[in-house]
Every structure is written in C-alpha cells, then in structure tokens.
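Shown next, in structure tokens, is the structure this report addresses.
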Amino acid sequence: MDTPYDTAAALLPLVGGPANVTSVAHCMTRLRLGLADRSLVDEAALRALPGVLGVVDDDTYQIVLGPGVVAKVTPEFEKLVGSAGELAARGAALRAEQRARNATPGKLLLRRIANIFVPLIPALIGCGVLAGLNGLLINLRWLPGVTGALAVIPSAFLSLIAVFVGYNTAKEFGGTPVLGGAVAAVVVYPGVAKVTAFGVALSPGQGGVLGALAAALLGTYIEKWCRTWVPATLDVLVTPTLTVLVAGLATLYGLMYAAGEISTAIGTASNWLLATTGPFAGLVLGGLFLPLVMLGLHQALIPIHTTLIEQQGYTVLLPILAMAGAGQVGAAVAVYFRLRHDTSIRTTIKSALPAGLLGVGEPLIYGVSLPLGRPFLTACAGGAAGGAFVGFFAMLGDKVGATAIGPSGWALFPLLAGNRGLGTTAVIYAGGLLTGYLVGFLATYAFGLTGIAPARSDTSGTRAPARTT
C-alpha cells in the first residue's frame with residue numbers, strides 16, 4: 001500500500017511541479033491547490049492515479065482523496081513543495097486574481113462563511129460523538145461515575161464555540177484573529193446577564209454563532225478603519241482598544257438581540273417546515289443537496305446546523321440532507337451492475353463506494369454519476385425519496401436529528417438524537433437510508449443509463465462509458 005509520501009510524490013509532477021503550486025490546503029476529503037497555470041495539469045493521469053477518487057476544477061484545484069487520507073497526504077505534499085511562507089509569498093497575488101475572476105460576490109461570500117466553520121468540524125464531530133455516547137450511558141444507567149465527566153468535555157467546546165467562530169471570522173476577513181475572538185467572547189460571557197437591551201435582560205450565548213460572526217465581522221471593519229487614521233506610534237494601543245470597545249458595545253446593545261431573534265426564527269421555521277410539510281420539505285431538501293455538494297456550497301449550511309444544535313441539542317436538517325448520499329450510493333450500485341464490461345467505471349465505484357456509505361459523496365459524484373450525466377439526476381431522486389421518508393415521520397412528531405455535523409450515511413448513527421428515544425430515531429433514519437438506496441438504484445437501473453453504451457473492454461482504468469446518440 002502506498003504511503004502518504006508516495007501519494008504526494010506521485011501527485012506533485014501531475015499538477016505541474018513545485019513551481020506551479022501557489023497554495024496547499026485541505027478539507028475533509030479534498031486536497032485544495034492553488035495553481036499558477038492549470039494547463040500544466042495532466043488531468044487524465046491524475047484521475048488514473050491509485051487513490052485519487054476525483055478532481056474538481058473550481059476556485060482552487062481540488063483532488064478528492066477521501067477522509068483520513070487527505071489529512072495525511074497534505075503535510076507530505078507541503079514538504080515536497082516548500083514551506084507555507086514561500087507558498088504564500090509566491091501565490092498571494094495569483095490567488096487574489098483568480099478569485100476575483102472566478103467568483104461572483106454571492107458565491108464568494110458563501111465560501112468565506114464556509115471557511116469560517118469548516119475548521120471547526122473535527123471538534124464538532126468529536127464532541128458530538130462523546131455527547132451521544134454519554135446520552136447512551138445515561139439512558140442505560142451505565143458508568144454513573146463517568147457520565148458527569150463525559151458531559152463536561154463536549155459541553156466545554158460547544159459553550160465556547162462562539163469564540164472560535166469570532167477568531168476564524170476575523171482571520172478570513174483580514175482582521176486580527178485574536179481581536180475577533182475577544183469581541184465574540186462577549187456573546188458567551190456569563191456577565192452579560194446583568195446587561196439590559198431593548199428592555200430585556202440579555203442571556204449568555206444569546207445569538208449564538210450568528211451573533212459571534214456578526215460581532216467579529218464588525219470588529220474587523222472597525223480595526224481596518226482605525227488603521228487608516230491612527231498614527232503608527234499609537235496603533236498598538238488605540239486600534240485594539242477601539243476595536244474591542246466599539247464592537248463590544250454594538251454586540252451588547254444590538255447584535256446579540258438581533259442575532260438571537262434570527263436564531264430563534266431559524267429554529268421555529270425548521271420545526272414548522274417539517275411539522276406541517278414534512279414529506280414535501282424532505283423531498284426538496286434531500287433532492288437538492290447533491291447539486292449543492294457539487295458546487296461546494298453545502299458548507300454554507302453549517303451556521304444553520306450549528307444554530308439548531310445550540311438551540312435544540314441537535315439539527316433536524318442534517319439527517320434529511322444525508323439522504324442525498326443514500327441516493328448516490330444506490331445509483332452507483334445500479335451503474336456497477338448495468339455496466340458490467342466497463343472495468344474503469346466499476347473500479348472507480350469499488351474504490352469510492354465505502355466512502356459513499358459513510359456519507360462522503362464527492363468521489364461518487366465526480367467519479368461516477370456526474371460524468372455519466374443522467375445517473376446524477378436519478379441519484380437526486382433517491383435522495384428526495386429518502387428525505388421524504390424522514391420528513392413524513394417528522395410530520396408525525398418523530399424528529400430525527402444529529403448532535404454534530406460532518407458525518408452522514410452510516411457514520412451518522414453514533415450522532416443521532418431525537419424526541420422519541422435513540423431506538424426509534426435510529427430505525428427511522430435507517431428506513432430513510434434504505435429508501436434512498438432502493439429508489440436511487442431502481443431509478444438509475446431503469447432510466448439512468450439510457451443512451452450510455454457500456455465499454456466492451458477497458459484495462460487502462462481511465463476510460464469512461466461512451467454515450468450513444
């Protein structure tokens with residue numbers, strides 16, 4: 001089996017070598033590269049490389065390696081390319097030019113919001129799993145001497161998540177990160193209970209991550225404004241003081257209240273939507289999530305999930321959105337059985353299916369359904385059916401939620417929570433997955449491969465099925 005170093009060494013020449021790489025980063029599944037000249041990329045060879053599950057040519061050049069693998073390959077890749085400082089110096093201008101050329105204002109804003117929350121996902125996952133485990137132990141009345149400690153560990157991060165959001169917000173929008181964290185800390189400080197705004201006493205945590213994001217963003221703009229007129233000799237004293245003071249007062253006497261009202265509205269709207277239009281809401285959400293993943297915009301939903309978790313202890317949207325991955329798995333299995341003589345596509349499916357079962361959909365999207373065209377639509381149909389299944393039970397009053405964000409598919413079971421007990425919640429979620437698998441499979445098997453001629457033989461591992469006219 002190739003080591004992370006071997007994978008990184010194989011990737012580097014195929015993306016144009018060290019001189020062509022201007023930035024290196026990664027998310028949960030993708031190695032994200034800034035490239036000076038994308039024409040130097042040998043995409044065919046890159047796709048054929050063992051371990052590469054797909055590529056995405058977006059604002060950054062993204063190589064899908066899968067969860068776990070990408071976190072190990074990225075540091076090895078960085079070592080081969082050069083230090084992070086050298087990369088930043090060489091690529092800053094190119095990245096700015098590329099983003100300005102490729103991103104609309106709306107799309108850029110959504111990606112910036114995603115950049116704030118994506119780094120928090122590992123902690124959210126870990127704390128969510130511990131919270132779920134603790135809940136199980138409490139329900140079973142096991143290890144009572146341990147449950148108290150297990151309650152504290154995940155709660156500590158979640159109680160201070162606003163500070164991390166503020167830090168990342170300032171960092172993303174060009175401010176001093178620690179000042180963003182300082183302003184956002186106002187939101188969760190217990191002493192705010194002594195402050196009255198609009199005739200109502202504030203509550204610690206009021207406004208949650210939305211209030212923290214707004215506070216840090218305001219602080220960033222105040223900091224930048226201060227640096228335009230404060231003399232250099234006084235900057236180190238005046239700018240931080242004014243930033244924290246003005247943004248802090250605005251947070252206490254405006255932003256916390258407004259963000260709190262918005263957060264409450266999000267929770268109320270989500271509950272109302274599922275309680276009154278459950279199957280329809282689930283069908284729409286489950287059916288449209290794959291296109292969001294394809295465009296990389298699904299990360300923009302993280303603030304909504306986080307807000308629901310803060311309010312209710314779980315997000316009712318994630319299990320429904322997870323049904324999109326079930327439809328994708330069903331569609332991929334149908335392609336595997338229908339295109340029996342196409343070894344290339346079958347090899348891709350075999351390598352990407354385990355990740356798909358765990359809710360990582362990009363390998364199957366970019367390696368299977370999207371290149372074939374129609375299977376992408378039938379996969380969406382499977383996701384819509386699974387979402388409608390879960391939404392139907394939500395309308396009956398059986399809520400299915402997730403205590404953390406990040407995993408889906410089978411990996412979401414340890415994070416499930418609801419209002420009817422873990423057993424009922426797990427059964428409903430499993431029923432949704434099975435519905436998504438079945439409908440995705442049947443729709444793809446019957447309608448998804450019309451007009452696609454299976455390849456007679458393919459031993460190269462790079463050729464896709466041919467379309468017929």
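The values are calculated or read from the model by the stated rules, or taken from the named source; none is laboratory data. Since the structure is predicted, the reported quantities are computational estimates derived from the model, not experimental observations. Methodologically, a virtual Cβ is constructed for each residue, glycine included, from the backbone with ideal geometry; neighbour enumeration extends over all protein chains shown. Note: accessible area is taken over every heavy atom of the protein model, side chains too, but ligands, DNA and RNA are not part of it. Shrake-Rupley method; radii C 1.70, N 1.55, O 1.52, S 1.80 Å.
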Checklist entry - In the stretch 385-416, which residue that is within 20 Å of the chain's Cα centre (by Cα) and of a type in the set (A, V, I, L, M) is nearest to L133 (Cα to Cα)? => result L415
Item to check | Where a residue in the stretch 185-202 is touching a residue at least 24 places away in the same chain (Cβ under 8 Å) and part of a loop (DSSP other than H, G, I, E, B) and its partner, wherever it lies, is open to solvent by 70 Å² or more (accessible area, probe 1.4 Å) and not small (G, A, S), with Cβ under 9 Å and at least six apart | outcome: V195/Y253; F198/Y253; F198/Y257; L202/K194; L202/T196; L202/Y257
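What do you reckon, is A197 open to solvent by less than 10 Å² (accessible area, probe 1.4 Å) and at pLDDT below 90?
Numbers: open to solvent by less than 10 Å² (accessible area, probe 1.4 Å): yes; at pLDDT below 90: yes.
Considered against the rule, which asks whether it is open to solvent by less than 10 Å² (accessible area, probe 1.4 Å) and at pLDDT below 90, A197 comes out as yes.
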Next on the checklist: Anything in the stretch 357-388 that is open to solvent by less than 10 Å² (accessible area, probe 1.4 Å), out of contact with any Pro (no Cβ under 8 Å at 6 or more places or on another chain) and either over 22 Å from L318 (Cβ atoms) or charged (D, E, K, R) (or both)? List them, or say none.
Outcome noted: P375
Checklist entry - From the list A404, A384, which one is out of contact with any Phe, Trp or Tyr (no Cβ under 8 Å at 6 or more places or on another chain) and at pLDDT 90 or above? => result A384
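I'm trying to understand the selection: among the residues of the stretch 165-181, which are in contact with a Pro (Cβ under 8 Å, 6 or more places away or on another chain) and open to solvent by 10 Å² or more (accessible area, probe 1.4 Å)? Quick ask: steps written out before the conclusion?
Kept after step one, since they are in contact with a Pro (Cβ under 8 Å, 6 or more places away or on another chain), are these residues of the stretch 165-181: 167-168, 170-171, 176, 179.
Residues satisfying the conditions are Y167, N168, K171, T176, L179.
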Checklist outcome for this item: Residue hits (the stretch 44-56; open to solvent by 30 Å² or more (accessible area, probe 1.4 Å) and touching a helix residue (DSSP H, G or I) at 6+ places or on another chain (Cβ under 7 Å)) are A45, L49, G51
Checklist entry - Yes or no: G327 more than 17 Å from the chain's Cα centre (by Cα), closer than 24 Å to S270 by Cα and surrounded by 24 or more Cβ atoms within 10 Å (Cβ to Cβ)? => result yes
Item to check | Selected residue (criterion: farthest from M323 (Cα to Cα)) from residues of the stretch 272-285 that are open to solvent by 40 Å² or more (accessible area, probe 1.4 Å) and under 22 Å from the mean Cα position of the chain (by Cα) | outcome: V284
Checklist entry - Is it the case that some residue within the stretch 343-354 is open to solvent by less than 50 Å² (accessible area, probe 1.4 Å) and of a type in the set (S, T, N, Q)? => result yes
